[in-house]
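K.L.:
Take this structure, written in structure tokens, and hold onto it; I'll ask about it next.
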Amino acid sequence: MTVANTDLTQGSALTTSAEYVVTGTGVFDDLMEAVNIHLSAQFQLGRITGADYATVYLGAMQSALQNSSSFVLGKEKTNAETAVLSQKEITEFAQTEQTTKIAPTSTSIMGKQATLYGEQAKGFKWNADQKYLKTLLDAWSINVSTAGVASTNIVALNAVGTGNMNDQISDAEPVG
């Protein structure tokens, strides 16, 4: 980030009243105005004398410049963060179609994703059921072809009652 001179000092002017005063509306100008008022008061009270005044003034000026630069950089960072948060708000709305803390709608990206996960889970169960059914059919077919009778718990393909193949097939169909 760059600190522009206009952020630190704006509209500075030197007044020629009884004392010379630099005025301006930048951050550095405002801090230096406060520093000058306090230094002047301490000088008038005799707490800061001749040679010490220059040392204190130099330190105060360096501190004001450093703090005003930090303030301006922080302000640019807060503005950048605000822009990121605004974009995040747009992205979150696109994903949920909600502006409050409630569940996403079914037509939002996250709602569709939840539906997809549910359908995938059904598909995995259906696939496992189909593999189980194929194993049963293969076992039944092998038993019928080798032994001449079905020696599995499945009585017949078209039989009714407990253990019939039609119930196994119906149980293996996907639901929902």
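K.L.:
Of everything in the stretch 38-66, what is surrounded by 11 or more Cβ atoms within 10 Å (Cβ to Cβ) and either touching a Leu at 6+ places or on another chain (Cβ under 8 Å) or β-branched (Val, Ile, Thr) (or both)? Give them in sequence order.
P.N.:
Selection gives ILE48, TYR53, VAL56, TYR57, ALA60, ALA64, LEU65.
This table checks each residue for (1) modelled with pLDDT under 85; (2) over 18 Å from the mean Cα position of the chain (by Cα).
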position	(1), (2)
SER68	no, yes
LEU85	no, no
THR100	yes, no
ILE109	no, no
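Residues are listed down the side, and each one gets a yes or a no for (1) at pLDDT 80 or above; (2) surrounded by 14 or more Cβ atoms within 10 Å (Cβ to Cβ); (3) of a type outside the set (D, E, K, R):
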position: ASN127; (1), (2), (3): yes, no, yes
position: LEU136; (1), (2), (3): no, yes, yes
position: GLY148; (1), (2), (3): no, no, yes
position: VAL155; (1), (2), (3): no, yes, yes
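K.L.:
Within the bounds of the stretch 108-126, is there any residue that is in the same structural domain as PHE28 (by TED's automatic domain parsing), in contact (Cβ under 8 Å) with a residue 24 or more places away in the chain and in contact with an Asp or Glu (Cβ under 9 Å, 6 or more places away or on another chain)?
P.N.:
no
K.L.:
Please verify whether GLU76 is among the acidic types (Asp, Glu) and modelled with pLDDT under 80, treating the condition exactly as stated. Spell out the reasoning first.
P.N.:
Working: among the acidic types (Asp, Glu): yes; modelled with pLDDT under 80: yes.
Judged against the criteria, GLU76 is a match.
K.L.:
Out of the residues in the stretch 11-52 meeting the condition of being in contact with a helix residue (DSSP H, G or I) (Cβ under 7 Å, 6 or more places away or on another chain) and in a loop (DSSP other than H, G, I, E, B), tell me which one is modelled with the highest pLDDT.
P.N.:
Taking the candidates together, the pick is ILE48.
The values are calculated or read from the model by the stated rules, or taken from the named source; none is laboratory data. This is a predicted model, so every value here is computed, not measured. Methodologically, a virtual Cβ is constructed for each residue, glycine included, from the backbone with ideal geometry; neighbour enumeration extends over all protein chains shown.
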